[in-house]
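Working notes for the structure below.
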Amino acid sequence: MIDVRPSQQMRDLGVVQHSAGILAEPARAFTLPAERDEAERITDELFAAMERIGQVHPFAKGMGIAAPQIGIGRSAAVVQPPGDAPAVILLNPKITDRSDELDEQYEGCLSFFDVRGLVPRPLKITVQTTALTGETVTTVYERGLARLIHHEIDHLDGLLYTARMRTGVEPIPVEEYRQTGRAWAYEQ
């Protein structure tokens, strides 16, 4: 049996990998409610991708996926918190406030799933999104959910988590990460 690298597994499931230019470009915002049908179609595609990925890889601490990761340069992402919490749909999200208090945890990314990196992030963020009806919605997220959502918003801004890592800190192979005992988001 051939051992398939985690990044190859994600590529096979339709996840765009880190060398693709679309991941380095800011996603285009929706004009809502005028583009409601397009926003719903892309959201459905994100849920379908999460379903495919979830069938082959368990995410005990939640997961998320942004439209650029499935080759769509639009400002949409879906985050599935851990447990039975409902999914969070992010359309045109912008972080409007963040706490000064940071937490540094390992993160993984479906677009380069062979490594994990220590990423400092605020423990609390305030996010503005656009509802399908066009209204602006403001929500405060904390701790693990704030980390997941911040990670996906970064994707929509054309950033990978490596851009947030401290200078001199490099991602580590997933095999080494599993031995740290600090497993966090995107990995069981």
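The values are calculated or read from the model by the stated rules, or taken from the named source; none is laboratory data. Remember, predicted model here, so these are calculated numbers, not experimental data. Positions of Cβ are backbone-derived with ideal geometry, glycine not excepted, and every protein chain shown enters the neighbour counts. Ligands, DNA and RNA are excluded from the accessible area calculation, which covers all protein heavy atoms including side chains. Shrake-Rupley method; radii C 1.70, N 1.55, O 1.52, S 1.80 Å.
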- Among residues belonging to segment 16-69 that are in contact with a Lys or Arg (Cβ under 6 Å, 6 or more places away or on another chain) and not in a helix (DSSP H, G or I), point out the one that is surrounded by the fewest Cβ atoms within 10 Å (Cβ to Cβ). Arg28
- Note on the structure: With the first residue restricted to segment 77-98 and required to be in contact (Cβ under 8 Å) with a residue 24 or more places away in the chain and closer than 20 Å to Arg52 by Cα, and the second required to be open to solvent by 60 Å² or more (accessible area, probe 1.4 Å) and aliphatic (A, V, I, L, M), Cβ contacts under 6 Å at 6 or more apart or on different chains are Val78/Ile89
- Please identify the pairs in which a residue from segment 162-184 that is under 22 Å from Pro122 (Cβ atoms) and small (Gly, Ala, Ser) has its Cβ atom under 8 Å from the Cβ atom of a residue that is modelled with pLDDT of 90 or more and not in a strand (DSSP E or B), counting only partners at least 6 apart or on another chain. Ala163/Asp154
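Return the residue satisfying two criteria in turn: it lies in segment 1-15 and is hydrophobic (A, V, I, L, M, F, W, C) and either assigned to a loop (DSSP other than H, G, I, E, B) or farther than 18 Å from Ala67 by Cβ (or both), and of such residues it is most open to solvent (accessible area, probe 1.4 Å).
Pass one, segment 1-15, residues hydrophobic (A, V, I, L, M, F, W, C): 1-2, 4, 10, 13, 15.
Now narrow it down to the ones that are either assigned to a loop (DSSP other than H, G, I, E, B) or farther than 18 Å from Ala67 by Cβ (or both): 1-2, 4, 13, 15.
Working: Met1: 234, Ile2: 146, Val4: 78, Leu13: 31, Val15: 5 Å².
Out of the qualifying residues, it is Met1.
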